[in-house]
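The next block holds one structure in the form of structure tokens; read it before the comments.
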Amino acid sequence: MKHYKDCKNEDTFVGVKVSGFTFIRNAIKLDYPVKEAILSILPIVDEMIVAVGKSDDETRVLIESLGDKIKIIDTIWDDNLREGGQVLAIETNKAFDAIDSSSDWCFYIQGDECVHEKYHAEILHKMKQNLNDNRVEGLLFDYLHFYGSYDYIGDSRTWYRQEIRIIKNNKNIRSYRDAQGFRKNGKKLKVKYINAEIYHYGWVRHPKFQMAKLIEANKLWHGDSYIKKKFNADQDFDYSQIDSIKPFHGTHPAVMHDRISKMNWKFDKDPTIKSFNLKLKILHYIEKKTGWRIGEYKNFKKI
């Protein structure tokens, strides 16, 4: 078993095993950065379980190419499960259940998320620090939601601010609803906050691919008549319809640099212009001044 000898961190994890897990289908067809997602956590896991759904492209070949830590389980999505995106939770659980009982921690990453390498040492430290604390069932990350291009992030109430991405290897923990978070025996997990961010790229791709992705995603919630009424597959997605964004001044994970260099569309929107009604304008102002998001939904309990 490998113990992070390739990670530049003296606080090594001797005797601790970490498994990564995710699910994916039609990654190439829908331009998911799943390769980058997996590579962003690969240095700090011993193995990476990937539930690869039957696809219309070479997704499985792509996943196979990512190295000997990769362990693929082949799945078939039940496209009849159109209530609340529950098929996403089912596929997440398939990957989670394939993790051997010898693993201590399980690092979940979705196909459009990445972890910056600058956080690796802190993540390892927090897993070691909380390993034997039976109160702690997971670790909570902050989120950056990129929108339209790699230079802007969404900063309104539309975007969730935190979510669980590392959990203890307890199979009573299940993916919740549409796989955004987790619960244990139906109850919110008790978590520790970790000073690290998940970079979410679900709203940064060519407008043509973004429209295709939205159509496929909505099929997990709605019937064909709704899809045809709501979306026009012949049109590109209009990124200008967003309530609030702000410039991003940081750096992206190294695994994303090549993808970013190949960006082949333009996104132009003045971030100083906000599209809020009066109520949302007041709530946005309060949040920016105080950090308090009134009425915020939290699927976890901080300890």
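The values are calculated or read from the model by the stated rules, or taken from the named source; none is laboratory data. Here the structure is a predicted model, which means the values were calculated and not measured. In this analysis, Cβ positions are derived from the backbone assuming ideal geometry, glycine residues included, and neighbour counts consider all displayed protein chains.
Couple of notes before you dig in:
- When region 243-288 is filtered for residues that are out of contact with any Lys or Arg (no Cβ under 9 Å at 6 or more places or on another chain) and of a type in the set (D, E, K, R), the ones remaining, listed by number, are 246, 258, 262, 266, 268, 269, 270, 279, 288.
- Close Cβ contacts (under 7 Å, 6 or more residues apart or on different chains) running from residues in region 151-165 that are within 12 Å of residue 298 (Cα to Cα) and in a strand (DSSP E or B) to residues that are among the hydroxyl-bearing types (Ser, Thr, Tyr) and modelled with pLDDT of 95 or more comprise 162/143; 163/143.
- Any hit, region 83-100, residues being modelled with pLDDT under 95, under 16 Å from residue 21 (Cα atoms) and either exposed (fewer than 14 other Cβ atoms within 10 Å of the Cβ) or touching a strand residue (DSSP E or B) at 6+ places or on another chain (Cβ under 7 Å) (or both): yes
- Residue 143 being closer than 23 Å to residue 251 by Cβ, assigned to a helix (DSSP H, G or I) and among the aromatic types (Phe, Trp, Tyr): no
- Screening residue 208 with (1) closer than 26 Å to residue 124 by Cα; (2) in contact (Cβ under 8 Å) with a residue 24 or more places away in the chain; (3) surrounded by fewer than 16 Cβ atoms within 10 Å (Cβ to Cβ) gives one miss only, at (1).
- Test for residue 253: is it in contact with a helix residue (DSSP H, G or I) (Cβ under 7 Å, 6 or more places away or on another chain), within 29 Å of residue 119 (Cα to Cα) and touching a residue at least 60 places away in the same chain (Cβ under 8 Å): yes
- Among the residues of region 165-192, those identified as among the basic types (Lys, Arg) and either more than 14 Å from residue 90 (Cβ to Cβ) or at pLDDT below 95 (or both) are 165, 168, 171, 177, 183, 184, 187, 188, 190, 192.
- Contacts under 9 angstrom Cβ, first residue in region 121-134 being assigned to a helix (DSSP H, G or I), partner hydroxyl-bearing (Ser, Thr, Tyr) and at pLDDT below 95, 6 or more apart: 124/4; 124/12; 128/12
- Region 18-73, subset outside any strand (DSSP E or B) and polar (S, T, N, Q), residue surrounded by the most Cβ atoms within 10 Å (Cβ to Cβ): 40
- Residue within region 147-158 that is on the phi > 0 side of the Ramachandran plot, crowded, with 17+ Cβ neighbours inside 10 Å and modelled with pLDDT under 95 present: no
- The single condition among (1) under 30 Å from residue 280 (Cβ atoms); (2) assigned to a loop (DSSP other than H, G, I, E, B) that residue 170 does not satisfy is (1).
- Residues that are surrounded by 13 or more Cβ atoms within 10 Å (Cβ to Cβ) and polar (S, T, N, Q), drawn from region 226-269: 244
- Evaluation of residue 13 against the conditions (1) at positive phi; (2) at pLDDT below 95 shows that the sole unmet condition is (1).
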